[in-house]
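S.K.: Quick one: the structure is below, questions incoming.
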Amino acid sequence: MFGQKENLYFSSDDAASWAFLVQPAGTGHEIRDIVFTNNTWVVLFDGDYHDNSDPTDQTPDGTPDQQAYVITCPASTSANMDATGDWGTAQLLTGTTLRDAAGNTSTPDPNLLHGVTTRRMAAAGGRVVFLQCGAVPNGRTLAADVSGKTCTLEDTVVILPFTEGPVNCIATDGITWLVGGDGGNTAADGGEICRSTDGGDTWTLIVNAIQSATYK
């Protein structure tokens, strides 16, 4: 599957041909990333899902709200996932608690992942970790468990313990989760890696100042 603007396309023949799928959450969305885990498609998107001034309003209003959402589908063929009823309910990526790199918690309201910068996610074993990219302290994660149309979000948005530079990427082997970032631009600065061994609940900075000549 791939996303283009708000459009979804599906292939069941190793990308030899493609079929257009229903836009499961309506119109006006920007698809950011797609993963597959626990026999479930997970689509991360941003867009025109409600009026920013009223988070309870779930009606598209024609204006991008710059908030991140997730929607899931348990099907594996385009014929079984080409109706809005095949998909779950779109959910705003938000938590009740924000935890910083030192472990301190606060309860800002709303505590949202940003729709434009939340561009990546990784998944394994039914666990999905969404990544908000950006420089310190905007690099953040939110984890969820998915099964079919059900997506259960964690309560806590976690600020990653990077020291500087923008966060770019996330990956997992199902046990270890890694997030990579640019790090700094001067002296011994360089690329950084954070690790989680509890499905994205907590993170530790394990590598700092990755360098090769002038490249990070």
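S.K.: Kindly report the accessible area of the range 70-212 per residue (heavy atoms of protein chains, probe 1.4 Å, no ligands, DNA or RNA), in Å². Please list the in-between numbers first.
M.R.: Values: 6260 Å² over 143 residues.
On a per-residue basis, the range 70-212 sits at 44 Å².
S.K.: Just to check I understand the Karplus step: with θ = phi - 60° and J = 6.51 cos²θ - 1.76 cosθ + 1.60, what whole-Hz values come out for the range 5-22, glycine and proline as x?
M.R.: Using θ = phi - 60°, the values come out as 6, 9, 9, 10, 10, 10, 10, 10, 10, 6, 6, 6, 8, 9, 10, 6, 9, 3 Hz.
S.K.: Related question: Just read off the accessible area of D46 with the full protein assembly in place, 1.4 Å probe, to the nearest 10 Å².
M.R.: Rounded to the nearest 10, the figure is 10 Å².
S.K.: Report the Cα centroid-to-centroid distance between the range 142-181 and the range 86-112 in angstrom, as an integer.
M.R.: 12 Å
S.K.: How large is log10 I(q)/I(0) at q = 0.16 Å⁻¹ when the Debye formula is applied to the Cα atoms of the range 95-162, each weighted equally and without solvent?
M.R.: Relative scattering, expressed as log10 I(q)/I(0), comes to -0.53.
S.K.: For a quick check: with amide H placed at 1.01 Å from N, whose amide H comes under 5 Å from E30's, ignoring anything fewer than 5 positions away on the same chain?
M.R.: Amide H neighbours of E30, under 5 Å, 5+ apart: D46, G47, D48.
S.K.: May I pose another question? Check which residues have an amide H placed less than 5 Å from C169's amide H, if you skip close sequence neighbours.
M.R.: Residues meeting the criterion, in which the H sits 1.01 Å from N, are G180.
S.K.: Quick check: pseudo-label points 7 Å beyond the Cα along Cα→Cβ at T204 and T105, how many nm apart are they?
M.R.: Simple spin-label model gives 2.1 nm for this pair.
S.K.: Could you list which residues have their amide H under 5 Å from that of G115, counting only those 5 or more apart in sequence or on another chain, with H placed in the peptide plane?
M.R.: The list, which skips near neighbours in sequence, is Q67, A68.
The values are calculated or read from the model by the stated rules, or taken from the named source; none is laboratory data. From a predicted model like this one, the values you see are computed outputs, not experimental measurements. Every residue, glycine among them, receives a Cβ derived from its backbone with ideal geometry; neighbour counts consider all protein chains shown. The accessibility values were calculated without ligands, DNA or RNA, using every heavy atom of the protein model including side chains. Shrake-Rupley method; radii C 1.70, N 1.55, O 1.52, S 1.80 Å.
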